[in-house]
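Take a look at the structure below.
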Amino acid sequence: MQAEVKDAYWALFDTGDLKTQPGPRLVELVGHRITEMAGRYSPAYPAAMKCLLADRGGLTAYLRFPAVHHHRIRHSNFIERTFGETRRRTKVIGRFPSETSCLTLVWAVLDRASRGWRGLTMTADGLRLLQDLRRSLLEPPRRLRAHTITAARDDDRPENVSAIA
């Protein structure tokens, strides 16, 4: 039974048979697979399936990135190594004088680590997808029209009104 669950778990993330492009739709499809697996195996392994459902967001985060990168970023070994290096350097410093100095150190560690990452080739489509992902995370959509308030009575109107175009 354990071998069957193990095989079913790894089959969740096998996206080779899907023709869906990386992004929210692919995350949704794999999310449905996770729900189906949890429904099938929860009587035998309730704690494991509860953990699987709770960690769904983290397990499917890599599916938003270019498909050629899935093989490398699905596993967290290079991320854990980077966290370990950051932890090692912060122990030496002890205490940071400001948030900026902490972010500078983390950026330097990530920049240095990224030079050693092999197997991640950047294509034009991949770069576009990463830029779209970055934009969606850092710049939430803005409202197209300003919210206007209409007064029900004349005495409800504010005396000073300003608008920014």
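A few points about this structure:
- Selected residue (criterion: modelled with the lowest pLDDT) from residues of region 66-118 that are surrounded by fewer than 10 Cβ atoms within 10 Å (Cβ to Cβ) and within 30 Å of Thr20 (Cβ to Cβ): Arg118
- Restricting Ala61, Ala8, Ala3 to residues that are at pLDDT below 90, in a helix (DSSP H, G or I) and exposed (fewer than 11 other Cβ atoms within 10 Å of the Cβ) narrows the list to Ala3.
The values are calculated or read from the model by the stated rules, or taken from the named source; none is laboratory data. The shown structure was predicted, so the numbers you read here are calculated from the model rather than taken from an experiment. Virtual Cβ from ideal backbone geometry, glycine too; neighbours counted across all protein chains shown.
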